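Just below is one structure, and these are the notes that go with it.
The values are calculated or read from the model by the stated rules, or taken from the named source; none is laboratory data. On a predicted model such as this, the values are computed, not experimentally measured, just so you know. Here the Cβ positions follow ideal geometry from the backbone for every residue, glycine too, while neighbour counts run over all protein chains shown. The accessibility values were calculated without ligands, DNA or RNA, using every heavy atom of the protein model including side chains. Shrake-Rupley method; radii C 1.70, N 1.55, O 1.52, S 1.80 Å.
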Amino acid sequence: MLKKYLWVFFISMVPLIEIRGAIPYALAQIELGNELNFPLCCAIAILGNMLPVPFIYFFARKVLEWGKDKPIIGKFFSWCLEKGHKGGAKLQEKAGKGIFWALFLFVGIPLPGTGAWTGTLAASILDMDFKKSVLAVIAGVISAGIIVGLICTGVFGALNFLL
């Protein structure tokens, strides 16, 4: 059973999948008869999703800056930085002083390409305050987890009813 909890933890750490994949995995395991504790799975998924955040905030931008002029990876790294700067400027222009709430909503609405990884990278590129950006990201991760959990329990509940 520990193995299943570890899977929830590691799935939630994967970029683009994050908590949006960990919660459905946990619920699927519960539906398959594995005796997992759902609230514990949610807490583990949140921890796993948040673990890379400080590393992304402090190092991802530096790695991108370092690699932007390297032969093989340079074009991609430059594209990432350019995309981040453009997206960040657009977000800051629209959000103004509400950048905290914009980051929260960006992470908290579970759409493809949004999440803790992308939101933290954007916060780093925008030079947002570390503490404020972490608070916005953790609130967004919790929000996304709740939304995904509600959607999945509805889907699994409907499947259970039909079968």
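Number of residues in region 105-120 that are on the phi < 0 side of the Ramachandran plot, crowded, with 22+ Cβ neighbours inside 10 Å and not polar (S, T, N, Q) equals 6. Of the residues screened, residue 110 is not one that is touching a residue at least 40 places away in the same chain (Cβ under 8 Å) and either in a helix (DSSP H, G or I) or among the hydroxyl-bearing types (Ser, Thr, Tyr) (or both). When region 59-94 is filtered for residues that are closer than 30 Å to residue 152 by Cβ and either at pLDDT 90 or above or among the small types (Gly, Ala, Ser) (or both), the ones remaining, listed by number, are 60, 87. Taking (1) touching a helix residue (DSSP H, G or I) at 6+ places or on another chain (Cβ under 9 Å); (2) over 27 Å from residue 24 (Cβ atoms); (3) without any contact (Cβ under 8 Å) to a residue 12 or more places away in the chain in turn, residue 146 satisfies each apart from (2).
The residues of region 26-49 that are within 11 Å of residue 9 (Cβ to Cβ), open to solvent by less than 50 Å² (accessible area, probe 1.4 Å) and either free of Cβ contacts under 8 Å to residues at least 40 places away in the same chain or not polar (S, T, N, Q) (or both), listed by number, are 26, 41, 43, 44, 45, 46, 48.
Checking each residue in region 87-104 for being without any contact (Cβ under 8 Å) to a residue 12 or more places away in the chain and either at positive phi or of a type in the set (A, V, I, L, M, F, W, C) (or both) picks out 89, 95, 96, 102.
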